[in-house]
Ligand SMILES: Nc1ncnc2c1ncn2[C@@H]1O[C@H](COP(=O)(O)OP(=O)(O)OP(=O)(O)O)[C@@H](O)[C@H]1O
Ligand SMILES: Nc1ncnc2c1ncn2[C@@H]1O[C@H](COP(=O)(O)OP(=O)(O)OP(=O)(O)O)[C@@H](O)[C@H]1O
Ligand SMILES: [Mg+2]
Ligand SMILES: [Mg+2]
């Protein structure tokens, strides 16, 4: 997984990787060359008393040292660059992917886990890449060089060297195999730490209101302890790796002296070979330790790669249709806004009972279609089917005569303007939030939309007007203000279809009435579908759909429904009961 | 949406700040002093064994040499020596492991404490703080930064001790062999220091930026993923992508620079030591020719000077690691140092150390009757800005229901925020039963009040846990009773897992109205002496509302209640109606008084009934 991901990402950086390899090679060679030159200083210079030669060789050594540092610096530059580019690309890919996922798919990972994957997990992979680039040439060169040199000296004694390699591999294998699940668990725990903290921030007022800080602290402590225990376990294992390897290598040098001593005694081996052998073993040890640094980072990076890949491999259930745009109307959106539901049924994945069943209706341009029904009767779900946040389990949904599934997503969504039930604003400015719907709208456009949404007054009263700051989620605005900003956002867009999901609930009645009045001219030619609880809001709707437990139990105008639909009568009666009058 | 309101970019506060942060980080290790001493001792033992074992191995080689030249091969002596060496190596490894294990334990405990400190801090930050700082950035501090500190500390403590000991060891060996040569070798030290300092000066800023940009990216991600449906609905993924890409590019540039600059230390130091090495080789060779030195002397010296320069290089490399660690620590400490809610004035024994524990037990206490709530000339503005509640005065008698009505943005929720002490008054006072609310601890105050907030919030956990939140430890029957009264039971029953259904992702799997019902059930179960309902039923349909109305009335009975609702029907029966406009109470009285006053209230009332009344009435009579 990790290897595959690295290979894929590195493919785009072949020249840089090649440069790193070459530079590292130059660097390592230069480093090995210095002692050789030093040897000639002694052998050729001192012994022959040649001062000139000594100075010349000294000059050469300085030149090589310069080459070495230049190569090392350049290699470092490319390594940093490539490693961080890998990180950047992974983050970008993750973000692009996440944006194509549906709420359900985002939910399976969880918001905080996705965030962790794009930051912390990517960091681990970056770190590994840097290490690999640094050790790429040096470690294998030293290790293999050491082994070759050892073989060259004495084949029989090299048996010891050859014997320790599998032992070392085994040790690493055993430790790495235990590390992987630990790291996997560790990353999940980081997700959970984030999740608990995120909830504590979002729910701060509820926690405080119910005086449950202690409870929350305990909840956090459980995860924190688990994470600490997990991290400690992996740290201890990593801490154990180095001593284990040292033992094996060091004991093998003891063995070399023992067996070497006997071989020398038997006359099978030269005395000088013994000392050389110990030096080579040391070299191998250093190479192994370098490789170990990589290996210590590798399991965690591998786990992170796995987690990142899992996101990248998710194929969004809702995607653009594969077909060509042949049958599409010209322009960016559907020409007509007629919305038609044909026997639509929808069940949330995994749930047995459908949330919507056999829904059929037609909403025509220039009319308002209202949806009314109890809490949980499926109103929001119905609206979410239109922009394809969800796909119907069966039945067809048509917009302007086109099946929503046959339209490219951006095309479909450009035809809609939605006010969601939960008024969500992004941190930034009021203007920035409004321009989400229409990036090129002028300030005058914004003010016009705000006026229609009955939000102009309070926005004007803000210290910086349109450019006043909005905090995350819009928490520095009152509930009703947030809702109206969301309505203004939707009105900025001149769309064939407007969807309002219970968007007037936080408004007082006077504002509600004014808003509906202002809405009428703006949406005159469009299809308006509005979810509402108040009968007063929907009195003049051309078509009212009465939903009850996922079924469309009646449709018609207010007067018709008051005559024919018991559910609607009940709703009306409930509003009378609540009001005493209405 | 590009400008985050308050990126608390902890721009490196220069050298002095870094030192202070470093010292503060070290203070975190203080509880582990003994462990650290043990770690140092273990490292000493490790170094001693590791240095002397090769010496004995050399002796063993000599035994072999003796055998070759002297003719007698003393196998027993060789065996004995090698056995000692083997034991020494075993010991070295054991000490190395002890050192590693002790350090790892200390570092993990420090990380635990840092995370716990962050969490604890969240509970003490004023609500205003959350308006300013983005969540993702706070989360990044608790995860990415603490993770960075922990990894860096671990590596530092492991290597720094070792490198310093190696440095001291080789220095003393050199001094012992030849003091003059040692002094020459020491020439590299100032050079190395200069190189390290120069590099470090450049890299500190990059590290600070790297970690603050990571926080920023985290914040973008958290926010965009949370609101991804809105972006999708408007086909504006591109916009988010643009902002994200900008941060991502910045993170790339700054981490590449940090990595590159810090990675340059080691090669540069190697270069310094190589130059020294060459100088020694050349000068030494010339000395030998001049007869001032022997070849062996020069070679020994070269070997030790290399041995000496190795730890110098390592320590140099660690300087940048320290910087990265400090950059993260600065961010964590900045959060920990953020202004807190002013301490509770009262010195009730319930407070202080055992605050949490006692607060929780108090929660489950029985309901005291009444609660006389008085607002006296209360004025408040968010963040010290222009007041959104102005000079508000009224009295709620025990058991009364007070309705607050007014246009959206009039300041209704703000009044609740003040009563709950989520924010502190600018002037005026609020008393409950004669006691100023600031004279009680916040927890004590809040334990008297049950509330349903305007934004229905459910947390990850089962539905049962969510209801029980208002009264931990409530019995099954009590939870069920609350759920039945508030019609939660109605929809929970159709869920396959019933009350054990786990809600995740901000309660995504429920409809908005269902979430609201759960929060009502929560307040219902909590049953405190004062009740606050802020738009409690705004997303609940009217048929359901009629059904829970009785429950709500029963709930209000005997409690001083504050009800905020646009639906004037809810308001009509209130004992006292406060009509708010632009932060002021413009009218107060009961329904009939206000109607006959023909002021704000009667206009609001008319607006509500202007539209549908006639037709509905007509239809009603036609039935
Ligand atoms: N956290 C905050 N920071 C800054 N300003 C705020 C904050 N919360 C509310 N405001 C402002 O204070 C004013 C009063 O808001 P408040 O939430 O009290 O209104 P409300 O009467 O409850 O309105 P609604 O009926 O819409 O809920 C508004 O203008 C709002 O923009
Ligand atoms: N993601 C989901 N997974 C499973 N079930 C869901 C999910 N979202 C909603 N539901 C269920 O589907 C039903 C319909 O929900 P929906 O949000 O459409 O209701 P609604 O009519 O909009 O209600 P409200 O008036 O409260 O907003 C509810 O019973 C709800 O619990
Ligand atoms: Mg809904
Ligand atoms: Mg409010």
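Summary table
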{"quantity": "Ascending count of other beta-carbon atoms within 10 Å, so fewest first, for A:570, A:533, A:216", "calculated": "A:570, A:216, A:533"}
{"quantity": "Computed helical MRE - 222 nm, chain B, DSSP H runs ≥ 4 contributing -39500 (n - 2.57), nearest 500", "calculated": "-22000 deg cm²/dmol"}
{"quantity": "Gyration tensor (alpha-carbon) shape descriptor, the stretch A:418-494, a/c threshold 1.5", "calculated": "rounded"}
{"quantity": "Relative contact order computed over the stretch A:92-313 (Cα-Cα under 8 Å; 6+ residues apart), in percent", "calculated": "46"}
{"quantity": "With Cα atoms, 0 to 90° folded angle of helix A:14-40 axis to chain A main axis", "calculated": "20"}
{"quantity": "Relative exposure of A:360, A:565, judged by other C-beta atoms within 10 Å (fewest first)", "calculated": "A:360, A:565"}
{"quantity": "Cβ-based exposure ranking for A:196, B:194, in which fewest neighbours within 10 Å come first", "calculated": "B:194, A:196"}
{"quantity": "Kirkwood Rh in Å, taken over chain A so that all alpha-carbon pairs contribute", "calculated": "30.2"}
{"quantity": "Full-extension gain in nm, residue B:602 to residue B:554, via 0.36 nm per residue minus C-alpha separation", "calculated": "14.5 nm"}
{"quantity": "Efficiency of FRET between residue B:376 and residue B:581 - r from beta-carbon atoms, R0 30 angstrom, step 0.05", "calculated": "0.90"}
{"quantity": "Full-extension gain in nm, residue A:96 to residue A:156, via 0.36 nm per residue minus C-alpha separation", "calculated": "15.8 nm"}
{"quantity": "Mean Cα-pair separation over length for the stretch A:418-494, i.e. relative contact order, pairs under 8 Å, 6 or more apart, %", "calculated": "52"}
{"quantity": "Virtual spin-label span in nm between residue B:19 and residue A:167, 7 Å along Cα→Cβ", "calculated": "5.0"}
{"quantity": "Distance (nanometres) between label positions extended 7 Å along Cα→Cβ at residue A:467 and residue A:43", "calculated": "7.6"}
{"quantity": "Value of relative contact order over chain B, rounded to a whole percent, pairs C-alpha under 8 Å and six or more apart", "calculated": "13"}
{"quantity": "Stretchable slack from residue A:405 to residue A:310, in nm (0.36 nm times residue separation minus alpha-carbon distance)", "calculated": "31.6 nm"}
{"quantity": "Shape metrics for the stretch A:92-313, restricted to C-alpha atoms - Rg then Dmax, Å", "calculated": "24.7, 88"}
{"quantity": "Whole-Å distance, taken between Cα centres, linking the stretch B:60-105 and the stretch A:208-227", "calculated": "53"}
{"quantity": "Cα-based helix-to-principal-axis angle, A:213-265 vs chain A, degrees rounded to 10", "calculated": "20"}
{"quantity": "Prolate/oblate/rounded call for the stretch A:65-163, Cα gyration tensor, a/c under 1.5 rounded", "calculated": "oblate"}
{"quantity": "Among beta bridges that DSSP assigns inside the protein assembly as shown, antiparallel share in %, nearest 5", "calculated": "50"}
{"quantity": "The stretch A:473-544 and the stretch A:114-144: distance between their alpha carbon centers, rounded to Å", "calculated": "53"}
{"quantity": "Cα-based shape type of the stretch A:185-251, given that a ≥ b ≥ c are square roots of the gyration tensor eigenvalues and the cut on a/c is 1.5", "calculated": "prolate"}
{"quantity": "Of all DSSP beta bridges in chain A, antiparallel share, percent nearest 5", "calculated": "50"}
{"quantity": "Antiparallel %, DSSP beta bridges [both residues in chain B], to 5", "calculated": "50"}
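Read-outs throughout are calculated quantities, based only on the coordinates presented, and are distinct from any laboratory measurement. Please read these numbers as outputs of a predicted model, since none were measured by experiment. Heads up, the Cβs are rebuilt from the backbone with ideal geometry, glycines too, and the neighbour counts pull from every protein chain shown.
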